[in-house]
Structure formats: C-alpha cells, structure tokens
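The values are calculated or read from the model by the stated rules, or taken from the named source; none is laboratory data. It should be emphasised that the depicted structure is a prediction, and the values quoted were computed from it without experimental measurement. Backbone-built Cβ (ideal geometry, glycine too); neighbour counts: all protein chains shown. Just the protein is used for accessible areas: all its heavy atoms, side chains included, with ligands, DNA and RNA removed. Shrake-Rupley method; radii C 1.70, N 1.55, O 1.52, S 1.80 Å.
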Amino acid sequence: MFALSSKSNRNSWALAAVLILFALALASPVSMYGSDKDKKKKAAAPPPEPPKLDIDISKLVWPNPPNIARVKWLSYYAGMKIDRAPAATTKKKQGWMDRVAGAKQEDNVDKLKTFPWQLLGPYGIAIDSKGLVYVADQKVGAVFIFNTETHDATLIKNGSDAHFQWINGLAIDDGDRLFVSDGKMRHVLIFNPKHEVEGQIVEGLVDPVGLAIDNENRLLYVVDEQQDIVQVYDADSLKLLRHIGTPVPPAKKHSLTTNGDFSAPTNVALDKDENVYVTDTLNSRVEIFDPEGGFISTFGKAGDGPGFFFRPKGIAIDCDDHIWVADEYQDRLQVFNREGQLLTYIGDTHANGPGQFKALVGVAIDKQNRVFTTEQYPGRMQMFRYVTDDEAAAEKTKREADLKAKAEARREASGDTTKAADTAKPADTPAQKPAAAAPATKPADTPAQKPAATPPS
C-alpha cells in the first residue's frame, strides 16, 4: 500500500511539472510572436502628416478683387523645422523569470526627442545681403536667422554666442554687420558677418529699442524709449554724434507732445533720401525728420479704426516712399503716403490666420519688396509681397488693353452676324434689293436699323 501511495505522489508531481512547463510555453516570446509582429507593422507605418489648411494663397491679396492687388501674402515662419517622424523606441529583452513574475517592461517606451527652437516673442527684423531674415526674440533670448526658401533656421544664442537679456531691435549694414539692441543690458551689440561679437555701444543709452542704419552717411539711429529721444551714432567709430528730440528727466518722461518731441518712441526707419521716420507710440503718431534731424511733419491721431493709431510700433518705408506702420493694439498693418493719407491696410481682427495678427509689433521691407511682420502671441513672422507703383501701373495698362480687345472682338462678332444675315437672303428677289440698297429708308424699329457698330455698354 505504501509503495502504491509513493507512486501516486510521483505521478502527481510529474503532472504538476508538465503544467508548469505548459504555462511557461504560453508566456514565452514564441507564443506572442504574432502579436509582436503586428505591433512592429503598426510602428513601421508612416506618421500622419499634420493637417494642412486648404487655402489658395493667390487669393490672399489686398485690396480685394477686382481692385489691383498691392500686397500679396506669401508664407509664415514659426521657428526651426519640426521632425514629425516618431521617436525611436528601445525594447530590452526580458528573462523568463521576469515574465513569470509579471514584471513590467519599463524600457519599451519612446525616447524623448529634442524639440527645436520656436519663436515665442519675436520683435525686431533685419535682412542681410543674401536675403536671410533675422528676427530678435525677446523671450527665447536669441536671434533667429531664416532662409525663406528652405524654411531652415539657425540661431545666435544667448550664453553660447553672446549674452542677451531683452533684445529688441535689429539693423544690418551693407557689410552684413549686425546691430542688436538690448534694453536690459542698456547697450547695442555689434556682430561681424560671422556672427561674432566685435563691439558694443553703451554711451548715452538707457533703454534702446528700434534701430536703423544710414549706409550712405554711415549713421546708426537708436531709439531710446525711456529717454524719449533718438540717439545718432557714427556706425564705424560707434561714437555718439547727436540726438533727435528733447531729453527729459525720469520724473517727466513720456509727457511731451510738441512737434519734434516724443512720448515713448519705439521704432525708426529711413527712406531713400535718408529722411527719418519715428513711431511716437504714446502720442499715436509718426514724426518725420530730415537727415540732419530737423522736424519736417507729423501725421496720425488716436483712434480704433483704419487710418488711426492706438499703439504704433514697427515702421518701414518701401521703394515708393510709402510708410508702413504696425499697430500693436489694433493688430493692423497700415500703409500711408507722406501726407498721412491711408492707402490700404491688412488685418481687421485679432486672429491667427494668414494676413491676421495678434500683438503685431514689427515690420521690415527688403530690396526684393518682401514685407515681413512679427507678432508676439502666435510667435511667428509672416511674409508678404509689395506690388510697386510701376507694377500696378503695368497691370492697369494690361487690364485696359484686355478690355479693349474684348470689346473689339464683340464688335466684330456683332458685325459678322449682321453681314451673314444680309447675305443669306436670295440675291434675285426684287423685293429684297431695295432693302439692301437703301436701309436708311426703313423705320427705326426695323431690325436692319439696329446699331450693330455700337459696342455694348
């Protein structure tokens, strides 16, 4: 009996061992092969592309058709390119003891990708001789350099390439030297074409903002918002030469309203005759000075509609001497002539769409008639194309010629129809000959008397 019981126990242990081996086989990688294969197929699938707006940019023009377009929307830039491919994954092989114990495989997770730099608080804009566009970002603390054709971007970074705290304005001379104003550092840094710091301007500065450079006379204009003046320096020696506006003590800052003075000026631009244009922000106006700093004129007044200013900031002059002004509070880019007459405007709502703005602060125009704007809340730069006066005149001439050709074609078609109707009548019918010979004797309401030669209205 004891021998039988011992044999039965051995059989029980053998059965238990078989069941354990069977359970291990089910938990093995071989049994899960099909599932892993499906997962790999899913992982290998191409990532979904980001949604794209179905917009015909050829129709994004100002003013609206049928008017001749004077501004065309081209593109926008928000930072360095984003790699939208999924991040690489790693999977560490588990041992059979981990699987039996139900241990979680922690290594089977996506690796974090390095997210590229994006615009957060873009402000000043400048364009170099190669067509590269430079944007000063106050929040990132870097100067973005965009290739508008490839959308590639590089950076002049704080800490590695320079020391920035609150960068505002940019200017580039004809030798591709870059000037960067920093309000908190109270200076203007100068970079050589290799983007290496080669100098700085400290004298006479408290809060430098907008910059402009006169390449012909080698002058650098620096707007100082806190001092309510525009400082003028020698662009080569970096020496302070003079100023525009009346300096005021801190207790009375932003209080002047007289012509030729400022209340929190922010930006400056030059026309082809080296005249100086300054946005007098708190006075809601633009002031114009001659190359020596003498006051010429002013235009603009406070308001919340087209043709008015609320907080004018960025300013630029195109090749036809039109004045482009970016208004931060109205989020409107307006174009004026020297007399202050509104010619056209872009932006009529606070939005993120093409040709719309949120916290619009900067504007610049290059020699290719490209117009660039910066806005702070979306963190982006938009690019437009200005249609010059000569181009608009050529388009007007073309349209008039097209209208004339179409009218002539209709006139000829109408004449051919009348002639065909006349020749279709039998030539030997006696009653028809007098009608062809003397149509003027017929009554005015006779079809033959309709003025076929008169063009349609």
Inset, instruction - Could you tell me whether any residue of the range 277-290 is open to solvent by 20 Å² or more (accessible area, probe 1.4 Å), in a loop (DSSP other than H, G, I, E, B) and modelled with pLDDT of 95 or more? - result: yes
Inset, instruction - Within the range 69-83, work out how many residues are open to solvent by 70 Å² or more (accessible area, probe 1.4 Å) and closer than 9 Å to M381 by Cβ. - result: 1
Legend entry - Selection within the range 348-376 - over 11 Å from I125 (Cβ atoms) and in contact with an Asp or Glu (Cβ under 6 Å, 6 or more places away or on another chain): H350, F357, K358, A359, L360
Inset, instruction - Considering only residues that are of a type in the set (G, A, S) and assigned to a strand (DSSP E or B), look in the range 202-239 and name the one that is nearest to G314 (Cα to Cα). - result: G210
Inset, instruction - Taking the residues in the range 363-414 that are outside any helix (DSSP H, G or I) and either farther than 29 Å from D174 by Cβ or open to solvent by 50 Å² or more (accessible area, probe 1.4 Å) (or both) as candidates, determine which candidate is modelled with the lowest pLDDT. - result: P378
Legend entry - Odd one out for R242 among (1) modelled with pLDDT of 95 or more; (2) not in a strand (DSSP E or B): (2)
Legend entry - Residue identified as in contact with a strand residue (DSSP E or B) (Cβ under 8 Å, 6 or more places away or on another chain), polar (S, T, N, Q) and over 19 Å from V209 (Cα atoms) among Q341, Q334: Q334
Inset, instruction - Could you list all residues from the range 53-90 that are of a type outside the set (A, V, I, L, M, F, W, C), part of a loop (DSSP other than H, G, I, E, B) and at pLDDT below 60? - result: T90
Legend entry - Matching residues in the range 256-270 - criterion: being touching a strand residue (DSSP E or B) at 6+ places or on another chain (Cβ under 7 Å) and buried (at least 18 other Cβ atoms within 10 Å of the Cβ): F262, S263, P265, T266, N267, V268, A269, L270
Legend entry - Residue satisfying all of: in the range 300-331; part of a strand (DSSP E or B) and open to solvent by 20 Å² or more (accessible area, probe 1.4 Å); farthest from I365 (Cα to Cα) among these: A302
